[in-house]
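Asks: This is the structure I have questions about; it appears just below.
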Amino acid sequence: MAPGAGPSGSTLVAGVIGDPVAHSLSPRIHNAAFRALGLDWVFVALPVARGQAAAAVDGARALGLRGLSVTMPHKEAVIASLDGLTSAAAELGAVNCILRAPHDDALLLGDNTDGQGYLRGLKADLGVEPAGRRFVVVGAGGAGRAVVQALAAAGAAAVTVVNRDPGRGEVAAALAGAVGALVPAADAGAVAAAVGAADVLVNATPVGMGDDGDLPVPEGFLRPDLVVSELVYHPATTPLVAAARRRGAPTANGLSMLVHQAAVAFEHWTGAAAPVEAMAAAAAAG
Ligand code: NAP
């Protein structure tokens, strides 16, 4: 699309389905990327009510949409309507990106780009490669599970999950296979020992989004040689990021994961290398 021009008869369309989606930063991020590369594409937010995931995927198929991001509450429900899954999506049982199969445009595949996005962000922000390193991941929801799986697949030496609900924590720890372990959040001594033995602490809980100043682990557990990786990005400086800075620990928030999971999706859809700087600027402005 020429700069300043609107969509034309040949504009390609991608979008995000979810409920709610009005708050989503994805349109800003992807449209900035299309503009940066001069691609005649547009990305729109498509509100789709719970229970309508199959109808939405059928609609996307019929309308020739080139790609879909998938957010709550449809990440699991879309799976039954797809023609195949990547190994990441199959293991996680959750899809956040639908793409056309490279070998057959008529087939729709589901991927989960959160883990790859996390790894790219970890390297970009903090220079950390997981191979041989020991991680503690607090939180075992959708984001935590994607991070745990990706860290183990990237060769982490240990991935210890800390979670309030041990059952959910077990599911996450199992995704790390032989390097996975669970520590219930209620066992303060075991949490201290796990964090004490770790190279990187990841917060995959919403703790820090509110204004109560809460931390996912006590500040006294932080130290200058413990990398602190926050998944929350709003506020930009969470209580955990602020505490890590006070303790002299390298730290970054979750904005990079958000941008890089979108970059992986963008690359699936367009086949072009994602203009990450333009996407990050759009995300930060959002
Ligand atoms: P989720 O599926 O709802 O899982 C939430 C997890 O946090 C669960 O393990 C839950 O423990 C735990 N938790 C919730 N409240 C807690 C509290 N007060 N104290 C301790 N643990 C608590 O959410 P999600 O999708 O995984 O997302 C988690 C956070 O990651 C989000 O809030 C978001 O900020 C962030 N996130 C960032 C990105 C990114 O791109 N940067 C992407 C996705 C998510 P139980 O199992 O015991 O309930």
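The values are calculated or read from the model by the stated rules, or taken from the named source; none is laboratory data. Nothing here was measured: the structure is a model prediction, and the numbers come from that model. Note that we place each Cβ from the backbone using ideal geometry, even for glycine, and neighbour counts take in every protein chain shown. We work out accessible area using only protein heavy atoms, side chains counted, and drop any ligands, DNA or RNA first. Shrake-Rupley method; radii C 1.70, N 1.55, O 1.52, S 1.80 Å.
Asks: Between ALA193 and ALA181, how many nm apart are label points set 7 Å from Cα along the C-beta direction?
Replies: Going by the 7 Å Cα→Cβ label model, 0.8 nm.
Asks: Over the heavy atoms of HIS260, what accessible area does a 1.4 Å probe trace out, to the nearest 10 Å²?
Replies: 20 Å²
Asks: Restricted to Cα positions, what overall size does the stretch 3-62 have along the principal axes? Three whole-Å values, descending.
Replies: Cα spread of the stretch 3-62 along its principal axes, largest to smallest: 38, 26, 15 Å.
Asks: Go ahead and run the numbers for FRET between ARG223 and ALA281, Cβ-Cβ distance against an R0 of 35 Å, rounding to 0.05.
Replies: The computed FRET efficiency comes out at 0.60.
Asks: Could you work out how much longer the chain between ALA174 and ALA273 gets when fully extended? Use 0.36 nm per residue separation minus the Cα distance between them, nm to one decimal.
Replies: Length gained, ALA174 through ALA273: 32.4 nm.
Asks: Another one. With a 1.4 Å probe and every protein chain left in place, tell me how much accessible area SER81 has, in Å² to the nearest 10.
Replies: SER81 exposes around 20 Å² with every protein chain in place.
Asks: How big is the convex hull of the Cα atoms of the stretch 144-286, per residue, in Å³?
Replies: Given the Cα convex hull of the stretch 144-286, per-residue volume reads 128 Å³.
Asks: Considering only protein heavy atoms and a 1.4 Å probe, what is the carbon-and-sulfur percentage of the accessible area of the chain?
Replies: 56 percent
Asks: What fraction of the DSSP beta bridges in the chain is antiparallel, stated in percent and rounded to the nearest 5?
Replies: Around 20 percent of the beta bridges assigned by DSSP in the chain are antiparallel ones.
Asks: Counting heavy atoms of the protein chains only and a 1.4 Å probe, report the per residue accessible area for the stretch 62-191 as a whole number of Å².
Replies: Heavy-atom SASA per residue in the stretch 62-191 reads 41 Å².
Asks: Now for a different question. Among the trypsin sites (Lys or Arg not before Pro) within the stretch 1-107, which fall in a DSSP loop and have no more than 15 other Cβ atoms within 10 Å of their own Cβ?
Replies: Passing both the DSSP loop test and the Cβ count: ARG50.
Asks: Amide H of TRP41: which non-local residues (sequence gap of 5 or more, or other chain) have their own amide H closer than 5 Å, using H built in the peptide plane?
Replies: LEU12
Asks: Right, another one. Of the options LEU151, ALA181, ALA274, report the single residue whose Cα projects farthest towards the positive end of the charge dipole of the chain (beta-carbon charges: Lys, Arg +1; Asp, Glu -1).
Replies: Looking along the dipole axis, the top candidate is ALA274.
Asks: What number, rounded to the nearest 500 deg cm²/dmol, is the helix-based mean residue ellipticity at 222 nm of the chain, given -39500 (n - 2.57) per DSSP H run of at least four residues and division by all its residues?
Replies: Taken over the chain, the calculation gives -11000 deg cm²/dmol.
Asks: Positive end of the dipole of the stretch 1-119, charges at C-beta (+1 Lys, Arg; -1 Asp, Glu), about the Cα centre: which of PRO7, VAL57, GLY115 has its Cα farthest in that direction?
Replies: My answer, from the dipole projection, is PRO7.
Asks: Further question: What Kirkwood radius, in Å to one decimal, follows from the Cα pairs of the chain?
Replies: 19.5 Å
Asks: Show TYR118, TYR233 ordered by accessible area, largest first, where the area counts protein heavy atoms only and the probe is 1.4 Å.
Replies: Reading off the accessible areas and sorting them downward yields TYR233, TYR118.
Asks: Report the full-extension gain for the segment ALA49 to ALA236: residue separation times 0.36 nm, less the Cα-Cα distance, to one decimal in nm.
Replies: Extra length from ALA49 to ALA236 when fully extended: 64.3 nm.
Asks: Okay, next question. Once you charge only the Cβ atoms, +1 for Lys and Arg and -1 for Asp and Glu, what is the size of the charge dipole of the chain about its Cα centre, to the nearest 20 debye?
Replies: With Lys and Arg at +1 and Asp and Glu at -1, about 300 debye.
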